[in-house]
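**Q** I have a structure I would like to understand better, so I am pasting it below and will then ask my questions one at a time.
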Amino acid sequence: HPLHGAVKEEEQKTMELAQHYLESYYNFGKEEKQIFRRKDSSPVVKKIQEMQKFLGLEVTGKLDSDTMRMMGRPRCGVPDVGH
Amino acid sequence: FTTFPDTPKWQKNHLTYRIVNYTPDLPRQVVDSAIEKALRVWAEVTPLTFFRMYAGEADIMISFAVREHGDFYPFDGPGNSLAHAYPPGPGFYGDVHFDEDEKWTENASGTNLFLVAAHELGHSLGLFHSANREALMFPVYQSFKDLAQFHLSQDDIAGIQSLYGPPPPPSPTAPVVPTEYMPPRHRTPAKCDPALSFDAVSTLRGELLFFKDRFFWRRPRWSLQPQRHLISAFWPSLPSELDAAYEVISKDTVFIFKGNKFWAVRGTDIQADYPKDIHTLGFPPTIKKIDAAVSDKEKEKTYFFVKDEYWRFDEKSQSMERGFPRRIADGFPGVGPKVDAVLQAFGFFYFFNGSSQFEFDANARRVTHILKSNSWLLC
């Protein structure tokens, strides 16, 4: 169904943005090949919660609108955690 | 606040920086001034000092770049990542890279270069990101409505002082007030504070200028009422907390000193190829800064005051005279031992030392009056 396809695509974009953000700034496991298979898988939820805590957001573990908005804001390119 | 893993920090307090290239978004001197102001943010709360280099390898190399620029951390076009920097260390460590795909500005619109530079230089000095939203080191860009009110948060100050400690206490004669360190940038001097002292005093085209911290009072010829201004409002690239200032009337120029540098200003224009190094005037390398200066327009001699001594510079031959330095107490009995600022007016020299001012008659070679320093501000 076209609507379903559009939602799917939107969700895909959200996932990609979040994955790139967590990889860039939260040391999200490039090496452990943690793939954003499902955003409710525990490593992903943990990483989302870590990011939300650092940035002063409500720690929901979900890619809610506040979290997506914060990830869209301009920022420094230096990571927030890790080496 | 956090520091980088393993807490890298500079093992010296005197650091060098170099602006390697410029953004086409802003005039060069605006970029120079933004970087200088950003460095001063950290210098005011630590013992760190920053010396600019124009070639070669500086500790902190500052550049603008787009996309892949040779460090495996490519920029990403407009928005998102604005800039990045590396922790203290050799080679590319300590360096700052700005994403040229951003629209760099000097105000609250676009991406303010000063704000981002101050943040990135925090990284160059060893600070990692802070989770405190009030902190400059918070990772997400937050523009300020009134940039003149910008100041570091206590979180930033605690972070940088955990690496380098607080700034050295004021000169030993000044009372060490056991309160929390309030960087000069936050002080707003009150003209009728009986304890008011000045950093520098000068004439300018018949007006009188009294410099203090980031401000100066201006006593125009046509008005007895002094007006207070930010130094940066008239001369954006000048530093605050100046050391000395004097006017050479025959050149319609005011010379302004801070540390080992001095600027020449004509009205509100800073002359090209300034700042220069004070040693070009003939001071020996042992002299790191001067405390005060005044130019005697009749004799065309300029006096420089350094600790309890003074030097005399001949404006005609443009050279430091032999037989100097001499003790201030010998040349100007009753003045000193130290001098904050000097003014020549109405045939007298006025020596400012803390909150006191000594009116000195050069012919009688004696102090004729002792006044409060701020008596010129009609208190």
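**Q** If you take the residues in region B:1-31 that are surrounded by 15 or more Cβ atoms within 10 Å (Cβ to Cβ) and among the charged types (D, E, K, R), which one is nearest to B:Glu106 (Cα to Cα)?
**A** Restricting to residues being surrounded by 15 or more Cβ atoms within 10 Å (Cβ to Cβ) and among the charged types (D, E, K, R), the top hit is B:Asp25.
**Q** Residues B:Val294, B:Val339, B:Val335: which one is closer than 17 Å to B:Ala244 by Cβ, part of a strand (DSSP E or B) and either of a type in the set (A, V, I, L, M, F, W, C) or modelled with pLDDT under 90 (or both)?
**A** B:Val294
**Q** Any residue in region B:229-241 that is more than 16 Å from the chain's Cα centre (by Cα), at pLDDT below 95 and closer than 26 Å to B:Asn353 by Cβ?
**A** No: zero hits.
**Q** Residues in region B:186-214 that are of a type in the set (Gly, Ala, Ser), within 23 Å of B:Glu44 (Cβ to Cβ) and at pLDDT 95 or above: how many?
**A** 1
**Q** Take the residues of region B:1-35 that are assigned to a strand (DSSP E or B) and among the β-branched types (Val, Ile, Thr): which is nearest to the other protein chains (Cβ to nearest Cβ)?
**A** B:Thr3
**Q** Follow-up. If you go through region B:88-108 one residue at a time, how many are in a loop (DSSP other than H, G, I, E, B), more than 9 Å from chain A (Cβ to nearest Cβ) and at negative phi?
**A** Residues meeting the conditions: 11.
**Q** Additional query: Please specify each residue of region B:109-123 satisfying the condition of being at the interface with another protein chain (Cβ under 9 Å from one of its Cβ atoms) and buried (at least 23 other Cβ atoms within 10 Å of the Cβ).
**A** B:Val116, B:His119, B:Glu120, B:His123
**Q** Quick check on region A:26-57: of everything there that is in a loop (DSSP other than H, G, I, E, B) and within 14 Å of another protein chain (Cβ to nearest Cβ), which residue is modelled with the lowest pLDDT?
**A** A:Lys30
**Q** Also: For region B:49-72, how many residues meet the condition of being in contact with a Lys or Arg (Cβ under 9 Å, 6 or more places away or on another chain), of a type in the set (A, V, I, L, M) and crowded, with 18+ Cβ neighbours inside 10 Å?
**A** So the count comes out to 4.
Residue-by-condition table, conditions (1) within 22 Å of the chain's Cα centre (by Cα); (2) at the interface with chain A (Cβ under 9 Å from one of its Cβ atoms); (3) surrounded by 15 or more Cβ atoms within 10 Å (Cβ to Cβ):
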{"position": "B:Leu125", "(1), (2), (3)": "yes, no, yes"}
{"position": "B:Asn132", "(1), (2), (3)": "no, yes, yes"}
{"position": "B:Ala135", "(1), (2), (3)": "no, no, yes"}
{"position": "B:Asp146", "(1), (2), (3)": "yes, no, no"}
{"position": "B:Phe150", "(1), (2), (3)": "yes, no, yes"}
{"position": "B:Asp155", "(1), (2), (3)": "no, no, yes"}
{"position": "B:Gly159", "(1), (2), (3)": "no, no, yes"}
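The values are calculated or read from the model by the stated rules, or taken from the named source; none is laboratory data. Owing to the predicted nature of the structure, the values given are computational and were not obtained by experimental measurement. Backbone-built Cβ (ideal geometry, glycine too); neighbour counts: all protein chains shown.
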